[in-house]
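Visitor: Below is a structure I'd like to ask you about.
The values are calculated or read from the model by the stated rules, or taken from the named source; none is laboratory data. What you see is a predicted model, and the numbers here were worked out from it, not measured in a lab. Here the Cβ positions follow ideal geometry from the backbone for every residue, glycine too, while neighbour counts run over all protein chains shown. The area values use the complete protein model at the heavy-atom level, side chains included, leaving out ligands, DNA and RNA. Shrake-Rupley method; radii C 1.70, N 1.55, O 1.52, S 1.80 Å.
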Amino acid sequence: MNNEEKSDSLQEKDIPPTVVEPEVKSVSVKKLQSFLGERPLPAIEMAPRIVRYQSRRDFLVFGAGALAALAGAGFLLPQETLSRIGIHGNMDSPEKEWFLNKALRIDDDVAEALYSANRSVPIYAKSQITPLKNNYNGATPDPGYIPGWKLTLDGLASGLSISFDIRNLLTRFSVHDQITRLVCVEGWSAIAWWAGLRLDDLLRAYPPMSQAKWARVESSVNLDASGSPDPYFMSLDLATARHPQTLLATHFNGQPLSVDHGAPLRLLVPVKLGLKNVKAITKIAYVAEEPRDYWAERGYSRYDGI
């Protein structure tokens with residue numbers, strides 16, 4: 001190979017290969033927007049006779065639904081409410097009572113299933129305290145019962161019946177305080193500062209009989225609206241009784257309980273509605289079966305959880 005041939009060969013080796021750029025095709029954005037864009041609704045022509053028929057049918061269906069809703073409301077509303085709105089026929093019946101009781105029972109079952117000893121209601125600051133009205137079911141008792149007041153425990157594992165006065169309780173048990181909201185079934189609530197012994201501490205010190213699942217909490221000094229004796233009684237499941245925020249309250253807003261708020265001892269159950277928070281407790285009895293309940297016998301819920 002001569003010098004010229006060597007030079008040509010070297011030049012061929014030094015020449016890089018030709019790179020072919022791929023052809024770039026443009027995408028039509030206009031076509032894409034046209035594809036995704038909202039298309040006008042097609043015009044549908046319908047004979048006037050058919051339009052009138054469908055309109056009349058829809059009106060009748062709507063009217064029938066409205067009448068059914070009114071009839072259902074009439075079936076469920078109290079007779080007194082129906083009379084106020086001009087419906088004077090008696091719509092009370094065993095079927096109505098059965099249906100309402102079933103609805104309440106379902107509500108109770110859901111609330112009970114959601115209960116947890118680890119779930120607490122909110123704790124508030126003293127600056128958030130609000131006024132709490134006297135909300136006795138009937139008349140406020142005369143304070144003359146207080147000097148002879150005692151709390152009696154029945155249904156204990158020991159088989160004994162034990163009584164305490166307020167001094168015994170305050171000496172025997174530690175006092176805890178908490179600022180919680182009291183929620184009334186009537187639709188109002190109030191934040192108050194409470195102090196007292198935990199019901200769980202009382203249960204531990206004086207255990208109920210082994211088969212007990214409920215507590216019947218009573219106030220023998222309760223009065224009706226006319227001032228006649230009307231003992232108040234309420235059922236409380238022992239799981240809720242053992243909740244760390246359930247108190248046997250002795251103090252309200254830093255002072256011993258007044259008669260207005262259930263002196264000398266009242267139940268405070270923040271995870272329940274106010275009607276479970278019995279004032280002026282005189283007896284707690286532990287029982288195996290769910291006991292009678294003052295408001296449940298008058299058509300209210302039994303569990304009353306919040």
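Visitor: Identify, by number, the condition in (1) touching a Ser or Thr at 6+ places or on another chain (Cβ under 9 Å); (2) open to solvent by 20 Å² or more (accessible area, probe 1.4 Å); (3) in contact (Cβ under 8 Å) with a residue 60 or more places away in the chain that PRO231 doesn't meet.
Guide: (3)
Visitor: Still on this structure: For region 123-216, give me every one of the strands (runs of 3 or more DSSP E) that falls completely inside it and has 3 or more residues that are within 26 Å of the chain's Cα centre (by Cα) and in the same structural domain as ARG266 (by TED's automatic domain parsing). Steps first, answer last, please.
Guide: Values: elements: 151-154, 162-164, 176-183, 189-198.
Result: 176-183, 189-198.
Visitor: Moving on to the next point. Quick one: count up the residues across region 165-217 that are within 14 Å of PHE252 (Cβ to Cβ) and either among the aromatic types (Phe, Trp, Tyr) or at pLDDT below 95 (or both).
Guide: 2
Visitor: Residues that are under 18 Å from VAL121 (Cα atoms) and either in contact (Cβ under 8 Å) with a residue 12 or more places away in the chain or polar (S, T, N, Q) (or both): find the strands (runs of 3 or more DSSP E) completely inside region 234-306 holding 3 or more of those.
Guide: Numbers: elements: 247-252, 266-268, 283-287.
Of the strands (runs of 3 or more DSSP E) lying wholly inside region 234-306, those with at least 3 residues that are under 18 Å from VAL121 (Cα atoms) and either in contact (Cβ under 8 Å) with a residue 12 or more places away in the chain or polar (S, T, N, Q) (or both) span 247-252.
Visitor: Taking the condition of being farther than 22 Å from ASP142 by Cα and not small (Gly, Ala, Ser), how many residues in region 216-252 meet it? Break it down into steps so the answer makes sense when it comes.
Guide: Within region 216-252, the first condition is being farther than 22 Å from ASP142 by Cα, and the residues that meet it are 216, 235-247.
Now narrow it down to the ones that are not small (Gly, Ala, Ser): 216, 236-238, 240, 242-247.
Within region 216-252, residues that are farther than 22 Å from ASP142 by Cα and not small (Gly, Ala, Ser) number 11.
Visitor: Let me ask something additional. State yes or no: is ARG242 assigned by TED's automatic domain parsing to the domain that holds ASP224 and over 21 Å from SER189 (Cβ atoms)? First the steps, then the outcome.
Guide: Details: assigned by TED's automatic domain parsing to the domain that holds ASP224: yes; over 21 Å from SER189 (Cβ atoms): yes.
So ARG242 passes the test.
Visitor: Looking only at residues that are among the hydrophobic types (A, V, I, L, M, F, W, C), in contact with a Ser or Thr (Cβ under 9 Å, 6 or more places away or on another chain) and within 14 Å of ILE284 (Cβ to Cβ) in region 162-205, which one is surrounded by the fewest Cβ atoms within 10 Å (Cβ to Cβ)?
Guide: Among those that are among the hydrophobic types (A, V, I, L, M, F, W, C), in contact with a Ser or Thr (Cβ under 9 Å, 6 or more places away or on another chain) and within 14 Å of ILE284 (Cβ to Cβ), it is ILE162.
Visitor: Only one of LEU257, LEU223 is under 28 Å from the mean Cα position of the chain (by Cα), open to solvent by 10 Å² or more (accessible area, probe 1.4 Å) and modelled with pLDDT of 95 or more. Can you tell me which? Show your work before the answer.
Guide: Numbers: LEU223 fails: under 28 Å from the mean Cα position of the chain (by Cα).
Step by step, each of LEU257, LEU223 is checked, and only LEU257 is under 28 Å from the mean Cα position of the chain (by Cα), open to solvent by 10 Å² or more (accessible area, probe 1.4 Å) and modelled with pLDDT of 95 or more.
Visitor: Another one. Any residue in region 272-281 that is on the phi > 0 side of the Ramachandran plot, open to solvent by less than 50 Å² (accessible area, probe 1.4 Å), aliphatic (A, V, I, L, M) and over 25 Å from the mean Cα position of the chain (by Cα)? Outline the logic, then answer.
Guide: At the first step, the residues of region 272-281 found to be on the phi > 0 side of the Ramachandran plot are 280.
Filter once more, keeping what is open to solvent by less than 50 Å² (accessible area, probe 1.4 Å): 280.
Adding the requirement that they be aliphatic (A, V, I, L, M) leaves 280.
Right, trim to over 25 Å from the mean Cα position of the chain (by Cα) and you get 280.
Within region 272-281, one or more residues are on the phi > 0 side of the Ramachandran plot, open to solvent by less than 50 Å² (accessible area, probe 1.4 Å), aliphatic (A, V, I, L, M) and over 25 Å from the mean Cα position of the chain (by Cα).
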